[in-house]
């Protein structure tokens with residue numbers, strides 16, 4: 001029976017995991033702190049350690065370092081409620097077998113533990129990772145963070161797939177910054193922006209006199225990226241004949257400049273990105289199948305913003321703070337009503353559109369506290385169209401409640417009831433011209449009770 005030790009200061013999590021792991025056939029021992037666990041290692045040793053990050057005293061990462069220094073063959077799995085890309089990169093970069101964001105799936109956790117017990121961890125080439133600007137708490141983004149974390153310290157070829165505006169280049173830069181090539185060049189080239197006749201010159205450079213206008217020798221992107229990373233954005237737009245030459249470079253690690261007769265050796269990591277379905281392009285003979293498999297070694301799927309609505313608020317606040325600092329403008333603060341409108345919007349331009357919206361608000365919003373009416377017209381018009389499409393107040397009310405549920409709001413009754421009370425009291429006060437006695441009678445409340453509600457609800 002495999003022995004699993006668990007360190008977590010949350011008693012509820014300890015109890016749930018202890019019962020689940022016992023049922024799965026593991027011998028489990030729990031600790032409230034990492035310090036207690038380390039002290040117990042003097043007398044016994046488990047087969048695996050499962051640890052939280054944020055705990056009193058010794059943190060999970062400190063425990064991980066201690067294990068790596070003293071028990072290098074002991075696998076460690078990191079759990080954290082503060083899940084972001086930095087946590088993922090730090091976990092894998094410090095030698096963790098796996099990183100699990102909270103809340104976690106018990107069955108998946110048991111599967112991860114089983115895999116860890118079957119495989120010896122490696123702590124070679126560990127390094128501290130740089131900070132990142134990629135933000136998100138949605139489950140779909142956690143998958144992206146875990147992928148980037150696992151790819152730390154590797155030179156693997158990666159294909160990043162996602163809609164325009166989802167942040168594919170930002171992910172490519174993070175992959176580069178967390179790789180052994182982080183001190184070498186990161187060169188980006190958008191294939192959709194290059195005229196067909198200039199693609200090969202851009203990629204491979206040209207010799208003087210190679211064609212009309214080639215007045216000097218020019219280094220291509222491959223030479224500029226030598227030793228580092230070449231990011232080929234919108235790879236699906238690359239012409240077929242250029243794809244052939246790219247495939248040859250990836251195979252032989254050498255190329256000729258346009259008009260050149262000497263082979264040039266390069267050592268370049270390729271990260272490609274596309275908003276298109278390359279499988280479909282292959283079936284349409286618009287993309288080489290052999291090149292597709294060369295590029296699709298590791299695929300990272302980036303979700304559109306409409307599929308990670310829980311991230312809209314934190315992203316908007318981040319962009320507004322960033323704009324306030326860079327533009328030296330007063331920080332704009334979104335009202336809860338504005339946040340709800342932003343969450344409902346479909347965001348066809350994804351994160352880039354949200355970023356632009358926040359830039360617009362920083363410069364154009366007439367007040368510091370942003371209300372729905374202050375939002376750009378295309379968002380307001382979408383909201384109005386949505387509301388007008390409902391056939392009755394019950395439908396409209398149901399639509400609002402469904403949005404709260406879909407956005408994973410907690411304590412729904414505590415959220416909904418004050419809003420309803422506030423609207424009702426304001427309408428009644430309008431009807432009675434502000435006369436609180438009359439309003440209290442209509443509402444069926446005592447005057448003092450009504451006065452307290454007016455104060456508490458900020459009416």
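The values are calculated or read from the model by the stated rules, or taken from the named source; none is laboratory data. As the structure is a computational prediction, the values presented were derived from the model and not from experiment. Here the Cβ is made from the backbone with ideal geometry for all residues, glycine too, and neighbour counts use every protein chain on show.
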Return the total of residues in segment 1-37 being more than 13 Å from residue 110 (Cα to Cα), in a loop (DSSP other than H, G, I, E, B) and touching a helix residue (DSSP H, G or I) at 6+ places or on another chain (Cβ under 8 Å).
2
Going by what's in this entry, would residue 83 be described as part of a helix (DSSP H, G or I) and at pLDDT below 85?
no
Note on segment 307-321: residues in contact with a helix residue (DSSP H, G or I) (Cβ under 8 Å, 6 or more places away or on another chain) and part of a helix (DSSP H, G or I) are 307, 309, 311, 312, 313, 315, 316, 319, 320
Just one of 237, 216, 193 is under 30 Å from the mean Cα position of the chain (by Cα), exposed (fewer than 14 other Cβ atoms within 10 Å of the Cβ) and more than 20 Å from residue 263 (Cβ to Cβ); which is it?
193
Output the residue which, of all residues in segment 331-386 that are touching a residue at least 40 places away in the same chain (Cβ under 8 Å) and assigned to a loop (DSSP other than H, G, I, E, B), is surrounded by the most Cβ atoms within 10 Å (Cβ to Cβ).
347
Scan segment 164-172 and give yes if some residue there is at positive phi, modelled with pLDDT of 90 or more and in contact with a helix residue (DSSP H, G or I) (Cβ under 9 Å, 6 or more places away or on another chain), otherwise no.
yes
Considering (1) touching a helix residue (DSSP H, G or I) at 6+ places or on another chain (Cβ under 6 Å); (2) on the phi > 0 side of the Ramachandran plot; (3) without any contact (Cβ under 8 Å) to a residue 24 or more places away in the chain, say which one residue 289 fails and leave the rest.
(2)
Taking the residues in segment 70-80 that are touching a residue at least 40 places away in the same chain (Cβ under 8 Å) and not in a loop (DSSP other than H, G, I, E, B) as candidates, determine which candidate is farthest from residue 39 (Cα to Cα).
79
One residue from 49, 67 being under 13 Å from residue 95 (Cα atoms) and part of a strand (DSSP E or B):
49
Of the residues in segment 278-291, those that are assigned to a loop (DSSP other than H, G, I, E, B) and surrounded by 13 or more Cβ atoms within 10 Å (Cβ to Cβ) number 3
Can you find, within segment 120-151, the residue that is modelled with the lowest pLDDT among those that are touching a strand residue (DSSP E or B) at 6+ places or on another chain (Cβ under 7 Å) and more than 20 Å from residue 315 (Cβ to Cβ)?
149
Any hit, segment 314-329, residues being surrounded by fewer than 15 Cβ atoms within 10 Å (Cβ to Cβ) and under 15 Å from residue 272 (Cα atoms):
no
